[in-house]
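Derivation of every value follows stated rules applied to the coordinates shown; laboratory data play no part. The model shown is predicted, which means the values in this text are computed figures rather than measured ones. Backbone-built Cβ (ideal geometry, glycine too); neighbour counts: all protein chains shown.
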Amino acid sequence: MGPVKAVPIRLNCLIYVYLKLKCFFVKSRSVVLIILAIIVADQVLKIWVKTSMHYQEQIPLIGRWFRLFFIENEGMAWGWKFGGEWGKMALTLFRLVAVVFGVYYIRSIIRKKFHRGFIICVALIFAGALGNLIDSLFYGMIFSESDTGLPLARMFPPEGGYAGFLHGRVVDMIYMPIIEDKLLPNWIPIWGGERFTFFSPIFNIADASISIGVIAILLFQKKFFKKNPNEESHSTVETNTSVNDTAQVL
């Protein structure tokens, strides 16, 4: 009779494992689709801007406050720089390590059933980091130089790219100066009488993806990391009362 009873138990175990794997792959597929969508959109726009716009050319999209403004930067997100050529290489290698770590981290939080919103935020950050890493790794090898007065850049030029592996420049193009080039009143301390632009950074889709992911985690961290109400802490109480087999349980 033993083997007969073991069959439904094994079947239930297989069903349980199947459902767990199905849930993991469904969540993984959603994360992969989000990452791919961001990377494709980011790279398509970058390639178009790089090969269709002259360096520092501007194209208005919505009035003056939302436009494409083609620049390149050698540093981090939002145009920040870090330590010249060696800093550039170190930053690219750091991005590479972070992306590799990100793959394992995303797999880990999916398996541990973290909050879905947190998983999406991590996917946004990962996609943004990978999008800019692609620029740093390969753009120097596959594009010709972009600069003021030069013709449009070409993809895979016969003479080779403008830089080597790890030395590509990140393409930025989204410019949203809500208040641009306004003169501050003289009575304002320190900055009075100077020109002022509100929200002057020029960024790309990858930068925006990173920023949205980080800001969302900060705003919703209590929701993402709230404790399970079913988890109760159990404390051990010491007592001098002797316990024996004849004790009555009420």
When Tyr104, Tyr162, Tyr55, Tyr139 are ranked with the fewest other C-beta atoms within 10 Å first, the list becomes Tyr104, Tyr55, Tyr162, Tyr139
Where a ≥ b ≥ c are root eigenvalues of the Cα gyration tensor, a/c under 1.5 meaning rounded, otherwise prolate if a/b exceeds b/c and oblate otherwise, region 18-224 counts as oblate
So Ile212 and His115, fully extended at 0.36 nm per residue minus their Cα-Cα distance, gain in nm 33.2 nm
Cβ-Cβ cut-off under 12 Å around Phe70, Lys and Arg +1, Asp and Glu -1: the net charge is 0
Contour minus Cα-Cα span, Ile62 to Lys182, at 0.36 nm per residue, comes to 41.3 nm
When Lys46, Lys222, Lys88 are ranked with the fewest other C-beta atoms within 10 Å first, the list becomes Lys222, Lys88, Lys46
For Ser30, placing the label point 7 angstrom along Cα-to-beta-carbon and taking region 104-119, residues whose amide nitrogen sits under 15 Å are 107, 109-119
Extend 7 Å from the Cα of Val99 along its Cα-to-C-beta direction; within region 152-168, residues with backbone N under 13 Å of that point are 166-168
Least to most buried among Thr92, Thr51, by other C-beta atoms within 10 Å and fewest first, runs Thr51, Thr92
